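**Q** Attaching a single structure in structure tokens format; questions to follow.
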Amino acid sequence: MTLLSSLRSYLELDVTPDLDGATATRRSNRRRLRVFLLVFLLVLVPGLVWNFMRPAEYMASARVQINPGRVAAPASGGEAARSEAELLTQAQKLTSRPLLEKVAGKLAGQGLELSGGDAAVQLQRMIRVVPITGTEVVEVQAVGARPQQLATALNVLLEAYRDEMKATFGSESGESLDKARSEVERLTKAVQERRARLDAFRSENGVLSPERDENEAVAQVKGLATALNAANEKAAQAEARLLALRETVANGRGASAAKDDPTLAAMENRAAMTREELREMDRVYTPEYMNLDPRARALKTRLIELERQIDVQRVASQQAAVAAAEQERASARATVERLQAQINAQKAGIQSFSSRFTQVKSQEDDLAQIEKASRDAMERYALLEASDRSRQPGLKLLESASVPRRPFRPDYLADAAIVLGLAFGLGLLAMWFVELFHRQPPAKAPAATTTVIVPPQWGLPQQGQGGGVLPGAEPPVLSASAPAALGVLPAQAPIPRELSQSEASALLAASGDTRFMVALLLMGLTADEVTALRQQDLDAAAGALHIGGHARRTLAVPGAVLASAPAASADPAAPLLKDASGAALSTADIESMVACAALDAGLSAAATVTADALRHTCIAWLVRQGLRFSDLAGMVGRPSAEALAFYAELAPDGPKRGAAEVEWPMPALRETGV
């Protein structure tokens, strides 16, 4: 309650503003220190007490190589690698309850019993088995508060596990041999029964050979099919020969050669001899003599008769050949029909034989599987009998457990560092949270009795304070009661405010429809020059703005500024910027629009943002970059001698730069996307 009362008193500190700033700062610092120390100690002290009050825990470890052995025989073809699953199974047996109960009993006999409940359950919580991947080695770890008890428990556990492995293997090995022998006998009997059943089925159904084509029924059908194919081929040839003979007869060509008909051959031979004899006489005698010679006329008459006889004999030979072809076709067709009938008669028998043969093959496959299983069982039984010693499990102690000398956990120093860091962070958070509700309201500035000296009005906006601020940096805030270096005079017009680039960007972003007008002021135009602009002064195609009056000049207008320009009017003399009625804007309208934009942008002291302040921002930006004062007239008009003297204080030391060497327009006009 005392700590809570102190905290409440610290949080209820007097927050009445103190007129003395140094005293208020000291009180605020004391309040922060008190809150920080209070929260820091509230977190640190209990945390350190909790950390160092925790009991130390020790860890003992041992490493063993476990050969789990095999109750079943390994596969044929060599010793199979022991699987990881077998090693994990043995590792689980190390933390089984029956084995741990034996360990607890032996520990109690040595005066190291575990107090407070079930000893086996406590040992299961203390002991952990970690298999090392890719090896037969496991690491057994025990974590607890009594180092001597941990080391003894691990050594006793490994000894008990070795005895348990040997006892278990003896009983399981004998049981495995009995099971293997029984399986061999059962499979041998099944093979004999299946073989006798298969032989009887073969004898009853005439399936004498295990090859299908070697059986009589299949051989007969196969021979008939071969003969049928030959008969079909012969019938096709006879049909083709008959069609060829008929086509020859129909076309009037000879149906057969002379060698096929001896009579026709003899006639053709005699006719050839007669023709040869006539040709011999024709070479010797004249045609007139040939016509008068009886022998020549007799030869011609004989040749004519022989040719007639040859034609008659050829026709007879053709008819005989067609008749022979028709008879051959009929004979071939009869043979095909006879063989087809025989095959059809054998189909039913073949189907019945195929069904019986399929049954025989199924029984043969079953018999082969059972024979294979029988051979495997016999091989396993033989290996079990021959490899009893090689299958015996083993436990090789690689590293016995020793009594740990240093605590395993917790890490007091690391946890203390965490508590310290947490207390420090919470103290800082509490200090920030308290200060959030103790912020002092901003003090009101005293009424100014003096003002700083200002240059006389030269037709330019009032200038800001001097200083060596680089382009783009935030300008210093001017105090109405400060700069004694300028001298103190009776009240003068205040110095226009110089905007920073971020403030100028925010002002342009919040200007809306008046953005083009604000951009012109930031380009160095006065309010009077803005109101005097006409449509003809803006050359959008060339990106130029022509400014008249006593400070005539032409300015290059960035594309971003042209994008926000008002729509062009048909009248070149019409005002460039006008109000809703179409009349040219007045100076008062411009000041009002600038003030509205400053308020919408949320600028601090928005009332000080005027048209003169925007132009002053442009001139100060150029002068701070080291622009030659002789080039200033071509960009913002020609300043008076007093103004030049004032802006000289803003110019940096060193050589001056030309208009083409300075950055213009200012970044706010480019970055805002006017």
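The values are calculated or read from the model by the stated rules, or taken from the named source; none is laboratory data. Because the structure is predicted, anything quoted here is derived from the model rather than measured. Here Cβ is always computed from backbone atoms with ideal geometry, including for glycine, and neighbour counts include all displayed protein chains.
**Q** Taking region 578-592, which residues are surrounded by fewer than 21 Cβ atoms within 10 Å (Cβ to Cβ) and among the aliphatic types (A, V, I, L, M)?
**A** Filtering region 578-592 down to residues surrounded by fewer than 21 Cβ atoms within 10 Å (Cβ to Cβ) leaves 578-589, 591-592.
Matches in region 578-592: 580, 583, 584, 585, 588.
**Q** For residue 595, state whether it is touching a helix residue (DSSP H, G or I) at 6+ places or on another chain (Cβ under 8 Å) and either surrounded by 13 or more Cβ atoms within 10 Å (Cβ to Cβ) or not charged (D, E, K, R) (or both).
**A** It is true that residue 595 is touching a helix residue (DSSP H, G or I) at 6+ places or on another chain (Cβ under 8 Å) and either surrounded by 13 or more Cβ atoms within 10 Å (Cβ to Cβ) or not charged (D, E, K, R) (or both).
**Q** Please determine, by comparing only the residues of region 530-542 that are assigned to a helix (DSSP H, G or I) and touching a helix residue (DSSP H, G or I) at 6+ places or on another chain (Cβ under 8 Å), which one is nearest to residue 667 (Cα to Cα).
**A** Result: 530.
Residues checked against (1) touching a residue at least 12 places away in the same chain (Cβ under 8 Å); (2) under 21 Å from residue 553 (Cα atoms); (3) of a type in the set (D, E, K, R):
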site: 599; (1), (2), (3): no, no, no
site: 602; (1), (2), (3): yes, no, no
site: 606; (1), (2), (3): no, no, no
site: 612; (1), (2), (3): yes, yes, yes
site: 621; (1), (2), (3): yes, yes, no
site: 633; (1), (2), (3): yes, yes, no
site: 637; (1), (2), (3): yes, yes, no
site: 642; (1), (2), (3): yes, no, yes
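**Q** Checking the structure you have, find out if any residue of region 602-618 is acidic (Asp, Glu), at pLDDT 85 or above and in a helix (DSSP H, G or I).
**A** Within region 602-618 (the criterion being acidic (Asp, Glu), at pLDDT 85 or above and in a helix (DSSP H, G or I)), the answer is yes, since at least one residue qualifies.
**Q** Give me a count of the residues in region 644-666 that are touching a residue at least 60 places away in the same chain (Cβ under 8 Å) and not hydrophobic (A, V, I, L, M, F, W, C). Quick ask: steps written out before the conclusion?
**A** Start the filter on region 644-666 by keeping residues that are touching a residue at least 60 places away in the same chain (Cβ under 8 Å), which leaves 645-647, 649-650, 652, 663, 665-666.
Cutting the leftovers down to not hydrophobic (A, V, I, L, M, F, W, C) gives us 647, 649, 652, 663, 665.
The qualifying residues number 5.
**Q** With 182, 173 as the choices, which residue is at pLDDT below 80, hydroxyl-bearing (Ser, Thr, Tyr), over 30 Å from residue 59 (Cβ atoms) and in a helix (DSSP H, G or I)?
**A** Selected residue: 173, the only one of 182, 173 that is at pLDDT below 80, hydroxyl-bearing (Ser, Thr, Tyr), over 30 Å from residue 59 (Cβ atoms) and in a helix (DSSP H, G or I).
**Q** Would you check if there is a residue in region 599-617 being surrounded by 14 or more Cβ atoms within 10 Å (Cβ to Cβ), aliphatic (A, V, I, L, M) and over 20 Å from residue 669 (Cβ atoms)?
**A** yes
**Q** May I pose another question? Give me the pairs: first residue in region 118-129 and on the phi < 0 side of the Ramachandran plot and touching a residue at least 12 places away in the same chain (Cβ under 8 Å), second residue surrounded by fewer than 20 Cβ atoms within 10 Å (Cβ to Cβ) and acidic (Asp, Glu), beta-carbon distance under 9 Å, and six or more apart or on different chains, which are they?
**A** 119/101; 119/113; 120/101; 123/101; 128/139; 129/139
**Q** Somewhere in region 463-483, is a residue in a loop (DSSP other than H, G, I, E, B) and modelled with pLDDT of 90 or more?
**A** Taking every residue of region 463-483 in turn, none turns out to be in a loop (DSSP other than H, G, I, E, B) and modelled with pLDDT of 90 or more.
**Q** Those residues that are in contact with a strand residue (DSSP E or B) (Cβ under 9 Å, 6 or more places away or on another chain) and assigned to a loop (DSSP other than H, G, I, E, B), I need them from region 543-557; list them, please.
**A** 543, 548, 552, 557
**Q** Taking residue 669 as the residue in question, decide whether it is without any contact (Cβ under 8 Å) to a residue 12 or more places away in the chain and within 56 Å of the chain's Cα centre (by Cα).
**A** Details: without any contact (Cβ under 8 Å) to a residue 12 or more places away in the chain: no; within 56 Å of the chain's Cα centre (by Cα): yes.
Considered against the rule, which asks whether it is without any contact (Cβ under 8 Å) to a residue 12 or more places away in the chain and within 56 Å of the chain's Cα centre (by Cα), residue 669 comes out as no.
**Q** Quickly run through region 565-592 and pick out the residues that are out of contact with any helix residue (DSSP H, G or I) (no Cβ under 6 Å at 6 or more places or on another chain), of a type in the set (A, V, I, L, M) and assigned to a helix (DSSP H, G or I).
**A** Result: 588, single match.
**Q** Looking only at region 619-673, count how many residues are among the basic types (Lys, Arg) and either crowded, with 19+ Cβ neighbours inside 10 Å or assigned to a loop (DSSP other than H, G, I, E, B) (or both). Step through it out loud before you land on a result.
**A** We begin by selecting, within region 619-673, every residue among the basic types (Lys, Arg); these are 624, 628, 638, 656-657, 670.
Those still in the list that are either crowded, with 19+ Cβ neighbours inside 10 Å or assigned to a loop (DSSP other than H, G, I, E, B) (or both) too: 624, 628, 638, 656.
Residues in region 619-673 being among the basic types (Lys, Arg) and either crowded, with 19+ Cβ neighbours inside 10 Å or assigned to a loop (DSSP other than H, G, I, E, B) (or both): 4 in total.
**Q** Quick check on region 91-119: of everything there that is in a loop (DSSP other than H, G, I, E, B) and charged (D, E, K, R), which residue is nearest to residue 163 (Cα to Cα)?
**A** 113
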